[in-house]
Amino acid sequence: SQFIIPLLALCLGASVAAPAYAARLFTCGFEEFNFIQTVWVAVSASPPTIQTTTVHSGTYAMQVNTTTLQSAQKNLTATVTSGTYFTRQFIRIASFPATAPAVLRIASNAGTDSLRVILDNTGPEFDLVNAIAGTTTDSSYTLSVDTWYRLETKLVISDTVGSMELKLFIDMETTPVETLNNASTDTLPTNIHQWHFGTGI
């Protein structure tokens, strides 16, 4: 079971009077053809593959196996305990896994999870997990193989009134096929610092 992640974007949303805006902190299309010598902090012991066979745009994309822990990690320059963070990633699934691996994990500097997006084989579907509250918001949209999906998450960091949102799009469509929410809840471990992309994480 494999899927391809061709583009990742991590943005920090900062509200101003008008209009609101987001400052882009990180974008990677894997065009550097390298992991930890460029923009990434670390990769898993069994590293992902950068390949050219199946790409969304450009020349390269990251390929991971859903039966193995294969991920790439990006950290903020410093830990944070508040703010709103947006993440976008494109995923194409070659075959569905026998389990339910995470494809995105946002965590503290100690690796304690806040937000997870999992590829649930029972749909198959993408589900939104609040690891702090111990809740999962299930999708009702059935995924297909060999289809580009765009996952956009929004994490509002708070011990009491935080929220998580996952919007699922087909490729570059402007209207999501589904929106999952987990609102007015605890989304904060000790801090937020790490973003993990891949599988089995």
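What the table shows:
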quantity	calculated
Cβ-Cβ under 6 Å pairs, at least 6 apart or on other chains, the range 51-62 side over 18 Å from PHE35 (Cβ atoms), far side surrounded by 15 or more Cβ atoms within 10 Å (Cβ to Cβ) and among the β-branched types (Val, Ile, Thr)	THR54/ILE4
Checklist (1) over 17 Å from the mean Cα position of the chain (by Cα); (2) surrounded by 14 or more Cβ atoms within 10 Å (Cβ to Cβ); (3) polar (S, T, N, Q) applied to SER108, failing item	(1)
Lone unmet requirement of (1) under 12 Å from the mean Cα position of the chain (by Cα); (2) assigned to a loop (DSSP other than H, G, I, E, B) for LYS167	(2)
Condition check for ASN130: crowded, with 16+ Cβ neighbours inside 10 Å and over 25 Å from ALA72 (Cα atoms)	no
The range 36-56: number of residues that are modelled with pLDDT under 85 and open to solvent by 50 Å² or more (accessible area, probe 1.4 Å)	3
All positions within the range 93-105 that are in contact with an Asp or Glu (Cβ under 7 Å, 6 or more places away or on another chain) and either among the polar types (S, T, N, Q) or part of a strand (DSSP E or B) (or both)	ARG105
Only listed residue being within 26 Å of PRO48 (Cβ to Cβ) and buried (at least 22 other Cβ atoms within 10 Å of the Cβ), chosen from LEU119, LEU143	LEU119
Output for the range 146-157, where each listed residue is under 25 Å from THR67 (Cβ atoms), more than 14 Å from the chain's Cα centre (by Cα) and open to solvent by less than 50 Å² (accessible area, probe 1.4 Å)	THR147, TRP148
Close pairs (8 angstrom Cβ cut-off, 6 or more residues apart or separate chains): under 15 Å from ASP138 (Cβ atoms) and at pLDDT below 95 in the range 164-192, part of a strand (DSSP E or B) and open to solvent by less than 50 Å² (accessible area, probe 1.4 Å) anywhere	ASN182/LEU128; ASN182/ASN130; ASN182/THR137; ASN182/SER163; ASN182/MET164; ASN182/GLU165
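The values are calculated or read from the model by the stated rules, or taken from the named source; none is laboratory data. Everything numeric in this text was worked out from a predicted model, so none of it was measured. For neighbour counting, all protein chains shown are included, and Cβ atoms are generated from backbone atoms with ideal geometry for every residue, glycine included. Surface areas here come from the heavy atoms of the whole protein model, side chains and all, with no ligands, DNA or RNA. Shrake-Rupley method; radii C 1.70, N 1.55, O 1.52, S 1.80 Å.
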